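To start, the structure itself, in structure tokens.
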Amino acid sequence: MTRRYRDSTLILFALMNGGYFHEAQAWRDWLVRAVAGSPDQLQIMYGLAGERRLTEWEVPWLAGYEGSKPVRIGNAAHGQLQLDVFGEVMGTFHNARRGGLAPSASGWDLQVKLLEHLERVWGEPDEGLWEVRGPRRHFTFSKVMCWVAYDRAIASAELYGLPGPVEHWKALREQIHAHVCARGVDPGRGCFVQSFGSTQLDASLLLLPKAGFLPVDDPRIAATIAAVEQDLLEDGFVLRYRTGASSEGLPPGEGAFLACSFWLADVYVLQRRVDEAQALFERLLALRNDVGLLAEEYDVRGCRQLGNFPQAFTHVALVNSAYYLLAARQPAPSERREAPPSGA
């Protein structure tokens, strides 16, 4: 088994929203040990005991479920560059502090070192949120999450008096923001796109207003939500992107991605379309099996669940959407915790 930063941070947000901060502290301590003071050698996943070698190999004699070859052992993504994880990590640390997580000098030192490394690499193309096996690209969501990394670190430093080059971080934050707004928007449609220079949509773009990158009523965000509704909906559920149009090499026909469908419900809440959010949320709940579990994807034509099962990413999105709807129906307290960009 492996532990991904992204999945871990989203699970931790759901736990922290429920008051389970012991797990957040244990995760922070695990992260400090796994990185071991080498931010430039940071991996997006490790083994549960901190193993770094997660070599991937194919098993040609296994057919896979319903012939879904190739069957792989390990995960080659452990060597990928996925810039969004920096934002996830910083967001989780910030939320943990706001929730009363015990301070750790080594934890903050690690964050400062990660931000130093991020300054050197944020402008590079990466494999992105979906761990593409094709060429690296300048994914819009990845760049936004670099902005999130500095934004949350600045907030932590200013709120808790933590040492760091805050003014320099602010300059980097503004630089990244301007870069994304200049290169991540389709000038014809006025909406954000999956990667710089592309016209393709991606469900990860639904997370931009949740991250605080731009308000939900910004014309570019409103156009992005409308474009996702137009281009990526299948029977009311959300595709992560159109696989047939992608350079990743995946065949067309992938199922709707259930986590992305929960993200759309969250955006509806932000747009004050609460009844639509509630209706979509309940449709998603109705897809659960007899013991209440959901998979990674849903086949709207075959009316069945597909992909990894059960899928933590989906269930975390469910939990966080429930928090969003609860807050929409009941006024939230003034000190309500910020959600991490991919989870709330």
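Here's the yes/no breakdown for (1) in contact with a strand residue (DSSP E or B) (Cβ under 6 Å, 6 or more places away or on another chain); (2) closer than 24 Å to residue 117 by Cα; (3) small (Gly, Ala, Ser):
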residue: 163; (1), (2), (3): no, yes, no
residue: 184; (1), (2), (3): yes, yes, yes
residue: 187; (1), (2), (3): no, no, no
residue: 214; (1), (2), (3): no, no, no
residue: 218; (1), (2), (3): no, no, no
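Select from the range 282-298 the residues that are in a loop (DSSP other than H, G, I, E, B) and among the acidic types (Asp, Glu) and write down the one among them that is surrounded by the most Cβ atoms within 10 Å (Cβ to Cβ). Once the filter is applied, the top-ranked residue is 296.
Selection of the range 149-162 for residues being part of a loop (DSSP other than H, G, I, E, B) and surrounded by fewer than 12 Cβ atoms within 10 Å (Cβ to Cβ) yields only 161. Within the range 131-143, one or more residues are buried (at least 20 other Cβ atoms within 10 Å of the Cβ) and of a type in the set (Ser, Thr, Tyr).
None of the figures in this text is laboratory data; all of them are computed from the coordinates on show. Treat the numbers as computed from the prediction; the structure is a model and nothing was measured. Backbone-built Cβ (ideal geometry, glycine too); neighbour counts: all protein chains shown.
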